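Reading through the C-alpha cells given below for one structure.
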C-alpha cells in the first residue's frame, strides 16, 4: 500500500456520537486536500414551525431539538424570550435554573466520558464491552450519571424533556425537604467524579494541537453555565504562538445581541446543518473553550482536580489545546457541576413565587447559555400579542463543524507527513476518535455519519 | 401475521438492535438512562446494533428492534423497510416513530416555504412533504408512546419480550394516573387547562404534579372525547388558536385524526 497511490476508505457509520452523519476526506498525492463533515440529518424545520406559536411555547418545543441537552434549549429559549419581554430572573429562581443545568451537565458529560469517549482510549467497542473487564469503572460512571439525572427528575419532573421549566422560572419550586436528599447522593458522586478525573488523566493521549479561536460565555466570579457574555480567545496562529501552547491568549467580548453580527452561518452543499464562522474564521466552542476562558472561576476543588489531572493551573490561565485531553476537561467540569449543585442546594430557600410574570411585547430577544457541548444561541422576534414571528437557533455542533473538519485534516496530514504507514483502518479509527473528541451532538442536526476517505487518483509525475 | 416474541430460553441470548430516523435521540437515550438496569439488560440481550452505545455492529436478523424517529426523507422510507425485513419483532419508541413527532407540523404547512425559511440553498435539502410514523410504511409489532418514552415502560417492553408476553402498557388517559398518584386535579381545583383527559397515560402524570396542565406529549388515549374537553379548555381561558396549537404539537398528526379535533 502506498500513500501516493489512490485508495478509498469507507466506514458505514460512526458509532458513539449523538446522531449520525458522514465524513469525507480527500487525499491528493500525500496531502489532505479536503475534509468535509457531512451531516445528513433529515431537516426538522424548528425555526420554521416556531413561527406562529405563542411566546410561552419555545422552551418546551425547542427542548425537542435534542434529547441529550434539552435543558440547554429550555434555558437559552427562556433567556431570549425574557430578554424580548424585558424580564430578568434572579435570586433563588435563577439558582434553581443553574441547579437544573448542573444536572444536565453531570448527566451529559459523564455519558460522553464513560459511554462514548473512554472506549476509544481502552480499545473496546463500547461501555458494555468495557464492563466485561472493568465493571467497577462503568458502574462508577453510571452512578454519577444517575446523580445528575436525579437532579433533573426531582427539579424538572423527568430527565429527558423536563416539564417544570417555564418563562420567568418554574411551574413549581421544590421544598427544602425535596432538594436536601439529593445532597447525600451528590456527595458520593463528587467522590466518584474525583476518581473519574484520576482515571481519565491516566489515559494515553496522542499528540495533537488545535489552533482555533475559542468562544465561550464568561461572567466574573463563577464558571459560566446559564448566563454570561460571549468571550473570544484569539487563535494561537494570530498571535505568533504555536498550536500546542498551554498559554492563554488575548480575549475580547461582545454582547449577546451582537452574536449574529459577529458570527456568520452559511450553508454547504453536503450538510443539512448550517456552519458558523466568527469574523470569517473557524472557531471552537465547548468544554475546552470554557476551561481556557473561565478556568479561574472553577471551584477550588475543581481547580485542584484540573492540576492533578495534568491540565495545568487554571488560576495561572492554563489552556488545554490537545483535543484528546478534552475528556479530562469534561471530567473536571462534571466535578465542578456536582460541587456547584451542592453549593446551590445548601444555600437554597424556596422563592416566594416559583416564577415571575412575563408579559409579551413586540420586539426581538437574544439568549445564550453553555450547553454541555458549547454555546447555544437563540433569538426570537415577537409581535405585540406575543406570537413568534421569527426564530433562530444556533447549536454548538454547527459552530464547531469547521473546527472539527480542520482537526481531522490535521490529524491525517500529520500522519502522512510523518511517513507513517497507517492502514486504512488505522486512519479511519483515528478520524473517528478525532470526531468524538468534540462530542458532537449531531442529533441537534444530524442523521447518518459515515466516513469516506478518497485518495485522488493522479497520473504519476514525469520522471 | 408477524412472528410472536421469542421467550428467552436460557440458551443463546436474543439480539437487540436500536435504530434512529428523524428524532432528537432522547428515546434511545432513555435506554442508556436505565442506569440500574443497563448492564443487566446487556446481560440478557445481545446488543448487536446500537450505534450510540457501541462501535460493534453486527448484521441482522435481529430478534428485537427498537426504532426511534419518523420517516421524513426518501432514504429513510427505504431504510425503514430494510429494518423491518431484518427484525423479527419491531417496536417503535416515542412520539416520532409512533405518530410522526413534532416535525409532523410540516404536514399542515408548505414544506417548500419551510425549506426556504431555514436554508439559504433549499435545493441542497432532500425531504419529504410529510413526517410519518413507521407504521405508515411497514407493519409494527408494538408502539410505545411519549415524547420522550418513559423509562419504566421501555423496561416493561423489553422484559415482556424476554418473557414472551404482551407488555403491560395501559392505554387509558392521564387522569387515571393522577388519581393513582393522588394529585389534585389542576382543572377542577385551579381552572388550569389540561389535556390529561384525552392524553395517553405512561409518563406518570408528571405535569399536574408540578402544577401545570398536561400538554399531551404521549398523544391521544384509547377513548378520547374532544367535543367534551374543548369547551372546558375554552372556559379556562384558552382561545380557539390556543386549543388548536395545544393539540398540534408533539403528536400533531395523531391528535388531528381524533373526532372533533379543530381543523
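Annotations for the structure displayed:
- For the range A:252-306, a tally of residues being touching a helix residue (DSSP H, G or I) at 6+ places or on another chain (Cβ under 8 Å), part of a strand (DSSP E or B) and modelled with pLDDT under 90 returns 6.
- Residue B:227, sole failed condition from (1) farther than 26 Å from residue B:26 by Cα; (2) more than 14 Å from chain A (Cβ to nearest Cβ); (3) in contact with a helix residue (DSSP H, G or I) (Cβ under 8 Å, 6 or more places away or on another chain): (3)
- Selection from the range B:246-263 of residues that are in a helix (DSSP H, G or I) and surrounded by fewer than 20 Cβ atoms within 10 Å (Cβ to Cβ): B:256
- Residue B:114 more than 9 Å from chain A (Cβ to nearest Cβ) and touching a helix residue (DSSP H, G or I) at 6+ places or on another chain (Cβ under 7 Å): no
- So residue A:56, is it modelled with pLDDT of 95 or more and either surrounded by fewer than 24 Cβ atoms within 10 Å (Cβ to Cβ) or within 16 Å of residue A:394 (Cα to Cα) (or both): yes
- Residues being modelled with pLDDT of 90 or more and closer than 21 Å to residue A:433 by Cβ - total across the range A:375-399: 1
- Taken as a whole, the structure leaves residue A:89 outside the set of residues that are closer than 16 Å to residue A:169 by Cβ, crowded, with 24+ Cβ neighbours inside 10 Å and modelled with pLDDT of 95 or more.
- For the range B:14-64, the tally of residues that are within 11 Å of chain A (Cβ to nearest Cβ), in a strand (DSSP E or B) and within 13 Å of residue A:15 (Cα to Cα) stands at 5.
- Those residues of the range A:175-213 which are over 30 Å from residue A:345 (Cβ atoms), modelled with pLDDT of 95 or more and in contact with a helix residue (DSSP H, G or I) (Cβ under 9 Å, 6 or more places away or on another chain), in sequence order: A:203, A:204, A:205
- Within the range A:405-427, the only residue that satisfies the criterion of being crowded, with 16+ Cβ neighbours inside 10 Å and not in a helix (DSSP H, G or I) is A:422.
For (1) assigned by TED's automatic domain parsing to the domain that holds residue B:98; (2) part of a helix (DSSP H, G or I); (3) over 19 Å from residue B:109 (Cα atoms); (4) in contact (Cβ under 8 Å) with a residue 24 or more places away in the chain, each residue gets a yes or a no:
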| position | (1), (2), (3), (4) |
| --- | --- |
| B:208 | no, yes, yes, yes |
| B:211 | no, no, yes, yes |
| B:214 | no, no, yes, yes |
| B:217 | no, no, yes, yes |
| B:222 | no, no, yes, yes |
| B:227 | no, yes, yes, yes |
| B:231 | no, yes, yes, no |
| B:234 | no, yes, yes, no |
| B:243 | no, yes, no, no |
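- The helices (runs of 4 or more DSSP H) located wholly in the range A:84-192 that include 2 or more residues which are touching a residue at least 24 places away in the same chain (Cβ under 8 Å) occupy A:91-110, A:118-122, A:135-156.
Residue-by-condition table, conditions (1) assigned to a helix (DSSP H, G or I); (2) surrounded by 24 or more Cβ atoms within 10 Å (Cβ to Cβ); (3) touching a helix residue (DSSP H, G or I) at 6+ places or on another chain (Cβ under 8 Å); (4) more than 13 Å from chain A (Cβ to nearest Cβ):
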position: B:66; (1), (2), (3), (4): no, yes, yes, yes
position: B:76; (1), (2), (3), (4): yes, yes, no, no
position: B:79; (1), (2), (3), (4): yes, no, no, no
position: B:83; (1), (2), (3), (4): yes, no, no, yes
position: B:89; (1), (2), (3), (4): no, no, yes, yes
position: B:98; (1), (2), (3), (4): yes, yes, yes, yes
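The values are calculated or read from the model by the stated rules, or taken from the named source; none is laboratory data. A quick note: this is a predicted structure, and the numbers were derived from the prediction, not measured. Cβ coordinates were reconstructed from backbone atoms using ideal geometry, including for glycine residues, and neighbour counts include every protein chain displayed.
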